[in-house]
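Have a look at the structure below before the remarks.
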Amino acid sequence: DHGGWYDRTDNSFRKLVDVQFMAAMGPPGGGRNPVTNRYLRHYHVLHVTEFDDASKTQIFASLVDWWFGRCKFGEDLARLRDGLVAA
C-alpha cells in the first residue's frame, strides 16, 4: 500500500518488498474483535459457508481414496478409510 511501515521503536521507515499476507478469521464475538475496513482493504475477502457432514465425508473420502491409490497401500490399510474419515 505505502511500500512499508515505520518501526515504532526508532521511527525509521521499514521498506517491505514482495510481501503477501494471508489470514483466516471467524465472525466477531467470543473474544474476537471486528476488523476495521482500513485493514480489510489489503485483502480479498471470501466467505464460505460451513459444509454439512455428508459433504465433508464425501470430500475427505475422495482425498483418502486418491492418496491410498497414489501410494499403492494394500487392502488391509484401505479398509481403514471409513474410520479415518469419520475421525
Mean accessible surface per residue for the chain, computed with a 1.4 Å probe while every protein chain stays in place, in Å²: 97 Å²
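Name the chymotrypsin sites (Phe, Trp or Tyr not before Pro) in the stretch 1-76 that are in a loop by DSSP and that have at most 16 other C-beta atoms within 10 Å, would you? Let's see the in-between values first.
Values: sites: Trp5, Tyr6, Phe13, Phe21, Tyr39, Tyr43, Phe51, Phe60, Trp66, Trp67, Phe68, Phe73; in loops: Phe21, Tyr43, Phe51, Phe73.
Those satisfying the criteria are Phe21, Tyr43, Phe51, Phe73.
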So if we plug the beta-carbon distance of Asn33 and Cys71 into 1/(1 + (r/R0)^6) with R0 = 41 Å, what FRET efficiency do we get, rounded to 0.05? 0.40
Sparse-neighbourhood loop hits (trypsin sites (Lys or Arg not before Pro), the chain; DSSP loop; Cβ within 10 Å at most 11 others) -> Arg8, Arg41, Lys72, Arg79
Quickly estimate the mean residue ellipticity at 222 nm for the chain, helices only: each DSSP H run with n ≥ 4 gives -39500 (n - 2.57), and the total goes over all residues, rounded to 500. -10500 deg cm²/dmol
Would you work out the Kirkwood radius for the chain? I mean one over the mean of 1/r across all pairs of different Cα atoms, in Å. 18.0 Å
Rounded percent of accessible protein surface that carbon and sulfur make up, the stretch 2-87, 1.4 Å probe: 56 percent
Can you tell me the orientation of helix 53-71 relative to the chain, as the angle in degrees between its alpha-carbon axis and the longest Cα principal axis, to the nearest 10? 80 degrees
Where labels lie 7 Å past Cα in the beta-carbon direction, separation of Phe51 and Phe21 in nm: 2.9 nm
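The values are calculated or read from the model by the stated rules, or taken from the named source; none is laboratory data. Since the model is a prediction, treat every value here as computed from it, not as a measurement. Virtual Cβ from ideal backbone geometry, glycine too; neighbours counted across all protein chains shown. Calculation scope for accessible area: heavy atoms of the full protein, side chains included, ligands and nucleic acids excluded. Shrake-Rupley method; radii C 1.70, N 1.55, O 1.52, S 1.80 Å.
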